[in-house]
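Nothing in this text is a laboratory measurement; each read-out follows from the coordinates by a stated rule. Worth saying up front: this structure is predicted, and the values here are computed from it rather than measured. FYI the Cβ positions are ideal-geometry reconstructions off the backbone, even for glycines, and counts take in every protein chain you see.
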Amino acid sequence: MSKNDHIVVLTGAGISVESGLDTFRGNFGLWGQHKVEDIATPEAFATQPELVHKFYNQRRQQLKKVQPNPAHVALATLEKNWPGKITLITQNVDDLHERAGSTQLIHMHGKLSEARCIQSGTVFPCEENLDTDSLCECCQVKGNLRPNIVWFGEYPFGMSEIFTALDQADQFWSIGTSAHVYPAGGFAQHVLMNRKDARMIECNTENSQISHLFPERHEGPASQTVTKLVDSILEEL
Ligand code: OAD
């Protein structure tokens with residue numbers, strides 16, 4: 001390890017569990033309670049916008065009741081104190097990383113706190129509920145606002161920046177993600193193909209789809225494993 005290492009961190013729903021947010025898969029996951037095709041596709045929004053808005057409104061409201069946990073805080077501390085570059089890529093649509101203090105952050109699946117006009121693509125801050133009567137500020141048409149979330153079949157945000165970072169990664173950390181969803185599920189493999197000496201670390205409570213790619217695994221809740229990992233790496237400086 002060198003103190004100039006570029007550390008690329010990928011986070012998933014598991015990092016927000018201890019803040020009180022649900023994961024997608026597993027026994028109590030969101031995709032066990034709702035069908036993905038009813039909620040998280042452009043087709044669902046075209047045919048049942050009320051249902052889609054209801055799902056994301058509930059999740060947006062939930063953000064007001066939760067706080068970043070020690071794992072989010074540890075990653076913000078890492079960004080502040082690490083002499084090399086840090087790129088934090090999250091699949092999460094919550095705002096817990098930024099509330100913990102992370103600034104070098106790519107929300108590849110979008111953000112609950114934003115709405116987007118389906119005609120112009122303009123993005124607006126969105127703290128309150130959306131519905132089919134919500135008036136779009138740019139085109140003044142009701143129903144033109146959608147959550148600024150990447151749905152299945154859509155291209156994630158920030159991919160060019162993400163692949164630039166992956167191509168330079170000296171360390172790749174995968175935290176709280178099952179790696180079921182691509183392209184994020186393929187990032188570890190991409191790093192290994194291009195940077196075969198990269199330090200590969202996974203933090204998860206259980207095995208993911210891609211655990212075999214990580215010689216270094218920290219099993220347990222992210223609040224403990226990530227905090228320990230960040231402490232140890234900063235102590236080595
Ligand atoms: P998943 O629900 O697929 O996986 C959550 C992961 O977190 C699992 O591997 C759990 O073992 C792990 N986990 C649970 N509790 C944890 C804890 N306290 N500490 C550490 N790990 C823990 O969520 P994602 O991998 O984020 O996309 O899902 C990826 C994408 O699938 C989401 O961004 C979403 C979803 O469909 C869209 O909506 C586009």
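When both the range 1-16 and the range 96-110 are represented by their alpha-carbon centers, they are found 12 Å apart. Considering only 104, 149, 179, the residue lying farthest towards the positive end of the dipole of the range 89-206 is 179, judged by Cα position with unit charges set on Cβ.
Between the alpha-carbon centres of the range 34-53 and the range 190-222 there is a gap of 33 Å.
Tell me the relative contact order for the range 1-157 as a rounded percent, counting alpha carbon contacts under 8 Å between residues six or more apart.
24 percent
Label zone (residue 142, point 7 Å along Cα-to-C-beta; backbone nitrogen cut-off 19 Å) within the range 12-55: 46-54.
Taking the chain as a Gaussian network of alpha-carbon nodes connected by springs under 10 Å, the highest mean-square fluctuation of the residues 97, 34, 72 belongs to 34. Charging the Cβ of each Asp and Glu at -1 and of each Lys and Arg at +1, and nothing else, the dipole of the chain about its Cα centre rounds to 40 debye.
DSSP assigns beta bridges within the range 105-234; of those with both partners inside it, close to 45 percent run antiparallel. From the Kirkwood radius over Cα pairs of the chain, Stokes-Einstein at 37 °C and 0.692 mPa s returns a whole-number translational diffusion coefficient of 178 µm²/s. A Cβ-based charge dipole, computed about the Cα centre of the range 43-114 with Lys and Arg at +1 and Asp and Glu at -1, lands at about 220 debye.
Between residue 62 and residue 99, the simple label model (points 7 Å from Cα in the Cβ direction) yields a spacing of 1.3 nm. Taking label positions 7 Å along the Cα-Cβ direction at both residue 159 and residue 193, the computed distance is 1.4 nm, reported to one decimal.
Of the listed pairs 80/196; 3/85; 3/80; 35/142; 64/111, which have alpha-carbon separations greater than 18 Å here? Could the numbers behind the result be given before it?
Working: 80/196 27 Å; 3/85 9 Å; 3/80 13 Å; 35/142 26 Å; 64/111 14 Å.
Exceeds cut-off: 80/196; 35/142.
Contact order, relative form, for the range 102-237: 17 percent (alpha carbon pairs under 8 Å, 6 or more residues apart, mean separation divided by residue count).
Note on the chain: GNM, Cα springs under 10 Å; of 211, 174, 160, the largest mean-square fluctuation is that of 160.
Give the percent of DSSP beta bridges with both residues in the range 7-128 that are antiparallel, rounded to the nearest 5. Taking every DSSP beta bridge with both residues in the range 7-128, the antiparallel ones total about 25 percent.
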